[in-house]
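K.L.:
Pasting a structure below so you can have a look.
What follows draws every value from the coordinates through simple rules; no lab data is involved. Please read these numbers as outputs of a predicted model, since none were measured by experiment. Heads up, the Cβs are rebuilt from the backbone with ideal geometry, glycines too, and the neighbour counts pull from every protein chain shown.
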Amino acid sequence: MLKWLDVIKFANNGNPIPDKRVEKTPEEWKKLLTPEQFTITRMKGTERAYSSELCSLFDPGKYSCICCDTELFDAGEKFESATGWPSFTQPIKENAVSYHKDISFGMQRIEACCNTCDAHLGHVFQDGPAPSGLRYCINAVSLKKTAVDEKKIDFGGGCFWCTEALFQQLKGVVKVESGYSGGNIDNPTYREVCSGMSGHAEIVEITYRPAEITFEDLMRIHLSTHNPTTLDSQGADKGSQYRSIIFYRTEGEKQSAMKVIDELQKSYQDMIVTQLEMFEHFYKAEDYHQDYYNRNQGAGYCQAVINPKLKKFRDLFRNKLKE
């Protein structure tokens, strides 16, 4: 998660390397863009406040650069800032946006640009909501919204290396990221989480397509692939960071989760102790935790712990697996 200090470092020391570059002459951009789009994105213009319906649009989707189609922001990071321009708390990827010092109009600001094509997007300020504290104040003209049939759900059930490896196998799952949630500090490190002092659980954030796999199916798989009846432990892993937990985003998800827990309680002799909490923040874990099993299949933990779980999982949910 980027914070103000990260933005300043990029502006002072150089921006992250983009996934690709798109470069055109002003004449080529003029042929592709409307006059207003060209003025805003290529001439660093600013649209009139409250001139776009995007200010009050919060439907799921992704926002791309109007010039080069690079995905810049997710609707899940959009918030009502009451400033007159669409506002976001984070870019979709760390290297999606570039940052530049702007001293025009007698002010000192940080300009936000598309890191792929250098299109002017707007500015970044440090008066946004927690936990990042950032407000990306973006010209709606610079953006193109795309509707997506994707949702997210966050589960914890022991070591996230295991949980990640299981859910990556499922049809309808677009992405699985390991991280932390449910604690009392921002941007925790693995060491802080393992100490038990931060209060976070090791979790995975799953991006999925409801048309291909349902929330209820994901719930059943989660509760069937770890022991939801043991408090703050999974096998040899002991501590509150290994607790069984589900972070719901809506009241409907909470009710569905409670229904599935009641349904699966019949399969367990002991009481299910899985916690249900409203989702607040997902803190992505360090890079070496991501896609851990696929990158370390020969490691002892993968051989001794994850492989047996994967075998059982594949036998139980064979019809849900990717081909």
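K.L.:
Take the alpha-carbon centre of segment 142-158, take the same for segment 78-101, and report the distance between them in whole Å.
P.N.:
Centre-to-centre (Cα) distance: 17 Å.
K.L.:
Any chance you could give the angle, 0 to 90 degrees and rounded to 10, that helix 251-265 forms with the longest Cα principal axis of the chain?
P.N.:
20
K.L.:
Please label the shape of segment 151-320 as rounded, prolate or oblate, based on the square roots a ≥ b ≥ c of the eigenvalues of the alpha-carbon gyration tensor (a/c under 1.5 means rounded; beyond that, a/b larger than b/c means prolate, else oblate).
P.N.:
rounded
K.L.:
Further question on the same structure: Answer with one residue from 215, 307, 274: the one whose Cα lies farthest towards the positive end of the charge dipole of segment 151-320, charges on Cβ with Lys, Arg +1 and Asp, Glu -1.
P.N.:
307
K.L.:
Highest first, please rank the peptides 6-19, 188-201 by the mean number of other Cβ atoms sitting within 10 Å of their residues.
P.N.:
188-201, 6-19
K.L.:
To continue, here is another question. How large is the charge dipole for segment 4-146, taken about the Cα centre, if only the Cβ atoms of Lys, Arg (+1) and Asp, Glu (-1) carry charge, to the nearest 20 debye?
P.N.:
For segment 4-146, the charge dipole is close to 260 debye.
K.L.:
Can you give me the C-alpha center-to-center distance between segment 260-323 and segment 112-141, rounded to a whole angstrom?
P.N.:
If we compute the Cα centre of each part, the gap is 36 Å.
K.L.:
Give the peptides 270-276, 127-133 in descending order of average Cβ contacts within 10 Å, highest first.
P.N.:
By packing density, highest mean first, the sequence is 127-133, 270-276.
K.L.:
Something else now. Going by how many other Cβ atoms sit within 10 Å of their own, how do 247, 279, 73 line up, fewest first?
P.N.:
Listed from fewest to most nearby Cβ atoms, that is 279, 247, 73.
K.L.:
Also: Going by alpha carbons, how many degrees (0 to 90, nearest 10) lie between the helix axis of 307-316 and the longest principal axis of the chain?
P.N.:
Its long axis makes an angle of about 90 degrees.
K.L.:
Please label the shape of segment 1-109 as rounded, prolate or oblate, based on the square roots a ≥ b ≥ c of the eigenvalues of the alpha-carbon gyration tensor (a/c under 1.5 means rounded; beyond that, a/b larger than b/c means prolate, else oblate).
P.N.:
It comes out rounded by the Cα gyration axes.
K.L.:
Which is farthest toward the positive dipole end of the chain among 206, 183, 319, measuring Cα position about the Cα centre, with Cβ charges +1 (Lys, Arg) and -1 (Asp, Glu)?
P.N.:
Checking the options against the dipole of the chain, the answer is 319.
K.L.:
Can you give the charge dipole size of segment 264-304 about its Cα centre, rounded to the nearest 20 debye, using +1 on the beta carbon of Lys and Arg and -1 on the beta carbon of Asp and Glu?
P.N.:
Charge dipole, segment 264-304, about its Cα centre: 200 debye, nearest 20.
K.L.:
Sequence gap at least 6, Cα distance under 8 Å: using those rules, report the relative contact order of segment 4-146 to the nearest whole percent.
P.N.:
Value for segment 4-146: 28 percent.
K.L.:
Quick one: Debye curve from the alpha-carbon atoms of the chain only, equal weights, vacuum; give me log10 I(q)/I(0) at q = 0.12 Å⁻¹ to two decimals.
P.N.:
Listed by q, the Debye log ratios stand at -0.89.
K.L.:
Return a whole-number percent for the relative contact order of segment 229-323, with Cα pairs under 8 Å and 6 or more residues apart as the contact set.
P.N.:
Answer for segment 229-323 is 24 percent.
K.L.:
What does the extension gain come out to for residue 48 and residue 237, with contour length at 0.36 nm per residue minus their alpha carbon separation?
P.N.:
My answer for the length gained is 62.5 nm.
K.L.:
So in the chain, what percent of DSSP beta bridges are antiparallel if you round to the nearest 5?
P.N.:
90
K.L.:
So, one more: When the helices in the chain are scored as -39500 (n - 2.57) per DSSP H run of 4 or longer and the sum is shared across all residues, what 222 nm value do you end up with, to the nearest 500 deg cm²/dmol?
P.N.:
Rounded to the nearest 500, it is -6500 deg cm²/dmol.
K.L.:
Could you size up the charge dipole of the chain around its Cα centre, putting +1 on the beta carbon of Lys and Arg and -1 on that of Asp and Glu, and report it in debye to the nearest 20?
P.N.:
With Lys and Arg at +1 and Asp and Glu at -1, about 560 debye.
K.L.:
Follow-up question, since we're still on this one. If we sort 174-184, 112-122 on the protection proxy, mean other Cβ atoms within 10 Å, highest first, what's the order?
P.N.:
112-122, 174-184
K.L.:
Normalised by the residues of segment 151-320, what does the relative contact order come to in percent, with Cα pairs under 8 Å and at least six apart?
P.N.:
Averaging sequence separation for qualifying contacts and normalising by length gives 31 percent for segment 151-320.
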